Amino acid sequence: QVQLVESGGGLVQAGGSLRLSCAASGRTFSSYDMGWFRQAPGNEREFVARINMSGGSTYYAGSVKGRFTISRDNAKNTVYLQMNSLKPEDTAVYYCAARRSEYARYDYWGQGTQVTVSS
């Protein structure tokens, strides 16, 4: 089991940047495949990015590829989402999530952090 806490959200102008952090509890953080998801009001939750256990493999939704970068620091039990060139359509609550392998469901979720991009 792992507990996740997101931070770093806020209000930013279109074209600006934010870096989200997700701090994980426990001593087995490196055993988890991590992902970022987001949910805008009235919309379904959507996948944003994922990173494998070692950090050597990443994958992005087409809507954010080239603008967002997911990374992790296993020594700090933290996963990051660097968001550049933000657009109003990026406005959502962002959640980090963990799973035991790339074949498993995401079973562990943070509380979410609000990102609002103004035009």
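The values are calculated or read from the model by the stated rules, or taken from the named source; none is laboratory data. Computed from a prediction, not measured in an experiment: that's the story for all the values here. Ideal geometry is used to build each Cβ from the backbone, glycine not excepted, and the neighbour counts take in all protein chains shown. To get the accessible areas, we keep the full protein, side chains included, count just its heavy atoms, and leave off ligands, DNA and RNA. Shrake-Rupley method; radii C 1.70, N 1.55, O 1.52, S 1.80 Å.
Of note:
- Of all residues in the range 96-108, those satisfying the criterion of being in contact with a Lys or Arg (Cβ under 7 Å, 6 or more places away or on another chain) and touching a residue at least 60 places away in the same chain (Cβ under 8 Å) are ARG99, TYR106.
- Pairing residues of the range 65-80 that are closer than 14 Å to ARG19 by Cβ with residues that are open to solvent by 50 Å² or more (accessible area, probe 1.4 Å) and part of a loop (DSSP other than H, G, I, E, B), at Cβ distances under 7 Å and at least 6 apart in sequence or on separate chains, gives ARG67/ASN84; ARG67/SER85.
- Scanning the range 21-40 for residues that are touching a strand residue (DSSP E or B) at 6+ places or on another chain (Cβ under 8 Å) and without any contact (Cβ under 8 Å) to a residue 24 or more places away in the chain yields no hits at all.
- Qualifying residue in the range 87-100 (condition: in contact with a strand residue (DSSP E or B) (Cβ under 9 Å, 6 or more places away or on another chain), surrounded by 18 or more Cβ atoms within 10 Å (Cβ to Cβ) and polar (S, T, N, Q)): yes
- Among the strands (runs of 3 or more DSSP E) confined to the range 77-119, the ones with at least 3 residues that are of a type in the set (Val, Ile, Thr) and either in contact with a helix residue (DSSP H, G or I) (Cβ under 8 Å, 6 or more places away or on another chain) or closer than 11 Å to TRP36 by Cβ (or both) are located at 113-118.
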